[in-house]
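The values are calculated or read from the model by the stated rules, or taken from the named source; none is laboratory data. These numbers were taken from a predicted model, which means no experiment stands behind them. Counting neighbours? That spans all protein chains shown, and the Cβs are built from the backbone with ideal geometry, glycine included. Surface accessibility is based on the protein's heavy atoms, side chains included, excluding ligands, DNA and RNA. Shrake-Rupley method; radii C 1.70, N 1.55, O 1.52, S 1.80 Å.
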Amino acid sequence: MPTKKKPQVTATPERRRELLDTAAEVFAEQGYNATTVRKIADEAGMLAGSLYYHFDSKESMLEEILRTFLDELWEGYDAVLDAELGPRRTLEALVTESFREIDRHRAAVAIYQKESRHLAAQQRFAFLADSQRNFEKAWLSTLERGVAAEVFRADLDIRLTYRFVRDTVWVAASWYRPGGQHSPEEIARQYLSMVLDGISVRE
């Protein structure tokens, strides 16, 4: 007789969030390919079979982790971009929002950094490439506006500057721990004081 597939059980939002947070930490630490459903279940204190009552696969867990992170990131980014601030204040706000997302979703950011390039080749994760294109457009247009407004230096290589800012912000996911000595806003402030002195037009 064919094996009956276990029915999906709707977990409470709190329990579902706990399971996804656990999965995110394991994915971030071990890598997606090396992570098994059994390992996630062990970390969650449950049997592997029980985890399938909540999620049909580890791919489903990863997709929900990354979509939740990116949805929240773009909610913050869109609010910044819709505010029609000047280029310097837009850059400041984008950086601050990025550090806030690292605070909220540190493990998801680490996964995104490590895994997004090869995951984006899969149809299920095509949204990662779409998000990356929008991300690049937002940052490049902000830098270009700053140069045009003579707020940022005219000799900047815009794409190189974007890559530097992007990578130096998001690499913080490898060392930042929520609840530490500095808030995400304080880290953003100190980071911006170093970066903006380098790219701003000198009086």
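Quick look at the values:
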item: Alpha-carbon centroids, segment 94-157 and segment 24-65: separation in whole Å; result: 27 Å
item: Proximal charge balance of Leu143 [Cβ under 12 Å; K/R count +1, D/E count -1]; result: +4
item: Once exposed loop trypsin sites (Lys or Arg not before Pro) are cut out (DSSP; at most 11 other Cβ, 10 Å), longest piece of the chain; result: 6-201
item: Farthest positive-ward along segment 98-203 dipole, Cα basis, beta-carbon charges - from Ala121, Asn134, Pro184; result: Ala121
item: Rounded tilt (10° steps) of 87-104 against the dominant C-alpha axis of the chain; result: 20 degrees
item: Heavy atoms of Phe135: accessible area, 1.4 Å probe, square angstrom to 10; result: 10 Å²
item: Accessible-area composition of the chain, carbon plus sulfur, in percent [1.4 Å probe]; result: 50 percent
item: 10 Å binning of all Cα-Cα separations within segment 134-203, expressed as whole percents from 0 upward; result: 18, 46, 27, 8
item: Angle in degrees between helix 126-148 and the longest Cα principal axis of the chain, rounded to the nearest 10; result: 10 degrees
item: Helix axis angle, 158-170 relative to the chain longest principal axis, alpha carbon, degrees; result: 50 degrees
item: Dipole magnitude of the chain, debye to nearest 20 (Cβ charges: Lys/Arg +1, Asp/Glu -1, about Cα centre); result: 740 debye
item: Cα-centred dipole magnitude for segment 54-143, charges only on beta-carbon of K, R (+1) and D, E (-1), debye, nearest 20; result: 360 debye
item: Dipole of the chain, positive direction: furthest Cα of Leu143, Val195, Ala108, with charges on the beta-carbon; result: Ala108
item: Dipole of the chain, positive end: most advanced residue of His54, Leu73, Leu19 [Cβ charges, Cα centre]; result: His54
